[in-house]
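Heads up, the thing below is written out as structure tokens.
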Amino acid sequence: MSILGNRVQRIEDVRFLLGQGRYVANVAPPDAAAVVFARSSMAHAKLLAVELDQARRMPGVLAVVDAESLGANPAPGSSPIPRPDFLQRHLLATDRVRFVGQPIAAIVADTLSQAIDAAEAVVVDYEPLDAVIDPRRAGAHTTTLYDELRSNVLPAMPLAEAPIPDFSDCDVVLTMEISNSRMSAAPIEPRVAAAQWHADDTLTCWSSTQGPHATRSQLAVVAGLPDQSVRVIVPDLGGGFGAKSGPGLEECALGCLSRIVQRPVLWVESRTENLQAMCHGRAQYHTVTMGGRADGRITHYHLHNLVDAGYTPTGAGFLPFLTGMVAQGCYDIGKVAYTFETVLTNTSTIGAFRGAGRPEAIATLERAVDLFAAEAGIDPVEVRRCNFIEPDSFPFATKTGSVYDSGRFAEGLRLACDIAGYEQLRSDQATRRESGSKKLLGIGVASFVEVTASTTSGPGTEYGAVTLLNDGSFRVDFGATAMGQGTETTVAMIAADGLGVGVEQITLRSGDTNTIPHSNITVGARTTQVLGPTMVDASRQMVEAAKSIAAQLLEAAADDVVFDQGTGAFAVAGTPAISIDWPAIAAATEVPLATVGEFAQESPTYPSGANIAVVEVDAETGSVELLRLIAADDAGTVINPMLAEGQVHGGLGAGVAQALYEEIVYDVDGNLLTSNFADYSILSAPEVPSFETTHYETPSPNNPLGAKGIGESGAIGSTAAVQNAVIDAIRHLGVKHLDMPMTPQKVWAAIANASAPTPTKAPSN
């Protein structure tokens, strides 16, 4: 019986529970010097002078360098937006600073406290410039972040656009502005890296990155080395969520700093630095128009996306494309258009954060569907049901250029409604309203589809190899980065299943560019569907290679040897009593058998599902309590239901956080007001109920496992479900919309304004 599809406990958890995890700070060279960066205190200013002499005289200081003395090349970027010379990513600020927290100088000292003291002794003379903070006003701002640009709007990127629909023939039309506020990934482990420059002009870097080979390439460019002269080691990773997809500017500087001081160096980011300077997520501002018939059929949809890039385009260059890929959502809409523009602001850059462009699309679409349902006077569940793409329509080509592989959207909503007891909830809501209760019940619905394993550079691939060890066990090498999502368990399960052994017979190796020849960045919920088939192929090749050895031991023709996947034994067909096991195969080989899997996924997959949120809003205080959150997910064939549930739980938490709590906030001068966890309201366990989850399977035709991604699905629809639930609770009071996060102050003000004699607009971000 196959182990796949069974609930197998995570094999990687034991070492973490016993405190045996090994992170970058644990494995850095013991003689590493401490690195601290002196950062800009202004959001936008010219650098007139940077005085370093006093810092250089401080006790224990080994080096204090600015951009000129660092001797580093600009860091390459991954953005598809063209990057002329003036947009190059200099590791340290040169003539101008463009956000609070931008590194200006690097300090290397014997101890961290000495480096911090020296950083405080760096004196910077600024000429202040107007700060551009609000992305909605950036395009018209008289100040530009770069003199070479005429405005803060970046050059438009090619996009297959459909014509903007004419809404004049629609019975129901609505137009709304909907915000997806700026957030922080806030991993438990902030960015941490160490580097050692060797006498032979090679570089070793220990990095908390999601992409060791991509990081190696960037570090090599910065240091002026060929890729093969740089080694990147990724030990245990304390969370990434997309924000660690590539090295930050600070990490890129470490190799040059090690070369300067001729000693290993270690940089450990503080939490304030993490909230201040690591890339943020979301920060999209949508204008949406939806139209359709009075019977609830949606026929027209236009989404215009204003994307905040921060001070330079990085992840914000590709995120709007991901938004566009799922802008149409689960619905068969006849006329759809998606447009976007990207603007620069004096803030930290925008990059990937769990879902990366897709939660933004679904949050807006599902909010618009609820508004449409309210305008049409139809239950929001019924509006969704009558607009879903039918199961026999797949593969389905959307109006924004995607091709959905498979799905049963109505089934997801049916399951979620059944678990929630939707009809009873509506009855309970009506009873509360009739009684005049101040505890208002809200029910929010969201259906979603998302894209996983998407790529702009050809088919999706990942490295996977199997080696038979002397004792008959196996070493499995793989390229994907494990960061809490259960990768080690999944890889071990797939390899063990193909080899007919237990997972305890599998030793795993990854995260070192000297032993893993290539890898892709672990993003976009791609690992199981891309690495999984690669491991299936590597295991199959291993079995085929072993058959010839078994044939010699059994004195039979190789074609007559059969492999029992249930027992891991080789025997001659028809005579199973005499068999050869893997230890015997290993003993009979002079050179260990080793195979490398091959698989390339030509197209991405599209997981889908539905969420229902139930909230209670206190009409007198505006406080919101999340009572229930239900998730029905279709991730294709599920390899390990326990891991899938865990991934959904984490994603649901991210969605709740965006809807109710978390937001990066700057003041008008560009000072970060949410620079610690006292001000940035990160979600914690007491704020959420026990999630109610279920899975249903519509296999993908795009890979042999039939798998789709699951790592981000929980974050795609839950945001909209919670937002819809809060507004559903207070809609009868006259509140039509609230932007996220829906804090008690914001909810209370909306209720108060809606109840006032002269209606006023509900507050927005």
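The values are calculated or read from the model by the stated rules, or taken from the named source; none is laboratory data. The structure displayed is predicted, hence computed values, not measured ones. Positions of Cβ are generated from backbone atoms using ideal geometry, with glycine treated the same way; all protein chains shown enter the neighbour counts.
So that you can scan it fast, the table gives a plain yes or no per residue for (1) among the aliphatic types (A, V, I, L, M); (2) closer than 30 Å to L415 by Cα; (3) in a loop (DSSP other than H, G, I, E, B); (4) at pLDDT below 95:
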| position | (1), (2), (3), (4) |
| --- | --- |
| G646 | no, yes, no, no |
| A654 | yes, yes, no, no |
| E662 | no, yes, yes, no |
| D669 | no, no, yes, no |
| F677 | no, no, yes, no |
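Scan T209, T204 and give me the residue that is out of contact with any helix residue (DSSP H, G or I) (no Cβ under 8 Å at 6 or more places or on another chain) and not hydrophobic (A, V, I, L, M, F, W, C).
One residue alone meets the criteria, T204.
Only one residue in V735, V726, V747 is of a type in the set (V, I, T), at pLDDT 95 or above and in a loop (DSSP other than H, G, I, E, B). Which one?
Being of a type in the set (V, I, T), at pLDDT 95 or above and in a loop (DSSP other than H, G, I, E, B) holds for just one of V735, V726, V747, which is V735.
Being within 30 Å of G291 (Cβ to Cβ) and at pLDDT 95 or above: is that true of R137 here?
On the way: within 30 Å of G291 (Cβ to Cβ): yes; at pLDDT 95 or above: yes.
Spelling it out, R137 is indeed within 30 Å of G291 (Cβ to Cβ) and at pLDDT 95 or above.
Among the residues in the stretch 627-645, are any in contact (Cβ under 8 Å) with a residue 40 or more places away in the chain, surrounded by fewer than 19 Cβ atoms within 10 Å (Cβ to Cβ), in the same structural domain as T719 (by TED's automatic domain parsing) and under 23 Å from the mean Cα position of the chain (by Cα)?
yes
Anything in the stretch 542-564 that is of a type outside the set (S, T, N, Q), part of a helix (DSSP H, G or I) and farther than 11 Å from I580 by Cβ? List them, or say none.
Within the stretch 542-564, M542, V543, E544, A545, A558, D559, D560 qualify.
Would you confirm whether or not the stretch 185-193 contains a residue that is in contact (Cβ under 8 Å) with a residue 40 or more places away in the chain and not in a loop (DSSP other than H, G, I, E, B)?
yes
Every residue, every condition in (1) closer than 22 Å to R354 by Cβ; (2) crowded, with 18+ Cβ neighbours inside 10 Å; (3) touching a Phe, Trp or Tyr at 6+ places or on another chain (Cβ under 8 Å), yes or no:
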{"site": "Y680", "(1), (2), (3)": "yes, yes, no"}
{"site": "E692", "(1), (2), (3)": "yes, no, no"}
{"site": "T698", "(1), (2), (3)": "no, yes, no"}
{"site": "P741", "(1), (2), (3)": "yes, yes, yes"}
{"site": "P744", "(1), (2), (3)": "no, no, no"}
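For the list (1) over 30 Å from T456 (Cα atoms); (2) in contact with a strand residue (DSSP E or B) (Cβ under 8 Å, 6 or more places away or on another chain); (3) surrounded by fewer than 18 Cβ atoms within 10 Å (Cβ to Cβ), I need the number of the one condition that N26 fails.
(2)
For the stretch 195-217, how many residues meet the condition of being crowded, with 23+ Cβ neighbours inside 10 Å and either closer than 17 Å to S245 by Cα or of a type in the set (V, I, T) (or both)?
10
Considering each residue of the stretch 679-707, count those that are in a loop (DSSP other than H, G, I, E, B) and either β-branched (V, I, T) or farther than 23 Å from R282 by Cβ (or both), and give that number.
15
Between V466, V530, V491, which is within 18 Å of the chain's Cα centre (by Cα), modelled with pLDDT of 95 or more, buried (at least 21 other Cβ atoms within 10 Å of the Cβ) and on the phi < 0 side of the Ramachandran plot?
Going through V466, V530, V491 in turn, just one is within 18 Å of the chain's Cα centre (by Cα), modelled with pLDDT of 95 or more, buried (at least 21 other Cβ atoms within 10 Å of the Cβ) and on the phi < 0 side of the Ramachandran plot: V530.
Residues of the stretch 568-586 being among the hydrophobic types (A, V, I, L, M, F, W, C) and without any contact (Cβ under 8 Å) to a residue 60 or more places away in the chain, which ones?
Answer for the stretch 568-586, where residues must be among the hydrophobic types (A, V, I, L, M, F, W, C) and without any contact (Cβ under 8 Å) to a residue 60 or more places away in the chain: F570, A571, V572, A573, A577, I578, I580.
Give the residues of the stretch 58-79 that are buried (at least 18 other Cβ atoms within 10 Å of the Cβ) and in a helix (DSSP H, G or I), sorted by residue number.
Of everything in the stretch 58-79, those that are buried (at least 18 other Cβ atoms within 10 Å of the Cβ) and in a helix (DSSP H, G or I) turn out to be A67, L70.
Identify all residues within the stretch 9-46 that are closer than 20 Å to T489 by Cβ, part of a loop (DSSP other than H, G, I, E, B) and in contact with a Ser or Thr (Cβ under 9 Å, 6 or more places away or on another chain); write none if there are none.
Passing the criteria: Q9, R10, I11, E12, Y23.
If you go through the stretch 210-221 one residue at a time, how many are touching a Gly at 6+ places or on another chain (Cβ under 7 Å) and either in a strand (DSSP E or B) or in contact (Cβ under 8 Å) with a residue 40 or more places away in the chain (or both)?
From the stretch 210-221, those touching a Gly at 6+ places or on another chain (Cβ under 7 Å) are 210-212, 214-215, 218-219; that's our starting set.
Adding the requirement that they be either in a strand (DSSP E or B) or in contact (Cβ under 8 Å) with a residue 40 or more places away in the chain (or both) leaves 210-212, 214, 218.
Of the residues in the stretch 210-221, 5 are touching a Gly at 6+ places or on another chain (Cβ under 7 Å) and either in a strand (DSSP E or B) or in contact (Cβ under 8 Å) with a residue 40 or more places away in the chain (or both).
Let's see how each residue does on (1) part of a helix (DSSP H, G or I); (2) modelled with pLDDT of 95 or more; (3) closer than 30 Å to R216 by Cα; (4) touching a helix residue (DSSP H, G or I) at 6+ places or on another chain (Cβ under 6 Å):
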| site | (1), (2), (3), (4) |
| --- | --- |
| V108 | no, yes, yes, yes |
| V124 | no, yes, no, no |
| S179 | no, yes, no, no |
| A199 | no, yes, yes, no |
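Taking only the stretch 566-580 into account, find how many residues are of a type outside the set (A, V, I, L, M, F, W, C) and either part of a strand (DSSP E or B) or surrounded by 16 or more Cβ atoms within 10 Å (Cβ to Cβ) (or both). Before the answer, list the steps.
Going residue by residue through the stretch 566-580, those that are of a type outside the set (A, V, I, L, M, F, W, C) are 566-568, 574-576, 579.
From what is left, the residues that are either part of a strand (DSSP E or B) or surrounded by 16 or more Cβ atoms within 10 Å (Cβ to Cβ) (or both) are 568, 575-576, 579.
Number satisfying all stated conditions: 4.
Are there any pairs, at least 6 apart or on different chains, whose C-beta atoms fall under 6 Å, with the first in the stretch 242-259 and over 18 Å from P212 (Cβ atoms) and the second part of a helix (DSSP H, G or I) and at pLDDT 95 or above, and if so, which?
Short answer, once both residue conditions are applied: C256/L70.
Checking the conditions here, which among S113, S151 is hydroxyl-bearing (S, T, Y), assigned to a loop (DSSP other than H, G, I, E, B) and surrounded by fewer than 17 Cβ atoms within 10 Å (Cβ to Cβ)?
When all the criteria are applied, what remains is S151.
Does V648 meet the test of being surrounded by 18 or more Cβ atoms within 10 Å (Cβ to Cβ), closer than 20 Å to V523 by Cβ and not basic (K, R)?
yes
Among what's in the stretch 495-541 and is part of a loop (DSSP other than H, G, I, E, B) and out of contact with any Gly (no Cβ under 8 Å at 6 or more places or on another chain), pick the residue that is nearest to D634 (Cα to Cα).
G502
Being in contact with a Gly (Cβ under 9 Å, 6 or more places away or on another chain) and not in a strand (DSSP E or B) is the filter here, so list the residues in the stretch 581-596 that pass it.
Matches in the stretch 581-596: D581, W582, P583, A584, I585, A586, A587.
Here is a list: G458, G472. Which entry is at pLDDT below 95, outside any helix (DSSP H, G or I) and among the small types (G, A, S)?
Of the residues listed, the single one that is at pLDDT below 95, outside any helix (DSSP H, G or I) and among the small types (G, A, S) is G458.
Filter the stretch 270-311 down to residues that are touching a Gly at 6+ places or on another chain (Cβ under 8 Å) and in a loop (DSSP other than H, G, I, E, B) and give me whichever is nearest to C205 (Cα to Cα).
Once the filter is applied, the top-ranked residue is M278.
Does the stretch 522-567 hold any residues that are free of Cβ contacts under 8 Å to residues at least 24 places away in the same chain, among the acidic types (D, E) and in contact with a strand residue (DSSP E or B) (Cβ under 8 Å, 6 or more places away or on another chain), and which are they?
Taking the stretch 522-567 as the starting set, the residues that turn out to be free of Cβ contacts under 8 Å to residues at least 24 places away in the same chain are 544, 547-548, 551, 555-562.
With the extra rule that they be among the acidic types (D, E), the set shrinks to 544, 555, 559-560.
Within the stretch 522-567, just D560 meets the criteria.
Being within 21 Å of the chain's Cα centre (by Cα) and of a type in the set (S, T, Y) is the filter here, so list the residues in the stretch 675-692 that pass it.
Of everything in the stretch 675-692, those that are within 21 Å of the chain's Cα centre (by Cα) and of a type in the set (S, T, Y) turn out to be Y680, S681, S684.
Tell me whether the stretch 686-704 contains one or more residues that are of a type in the set (S, T, Y), in contact (Cβ under 8 Å) with a residue 24 or more places away in the chain and more than 30 Å from T637 (Cα to Cα).
no
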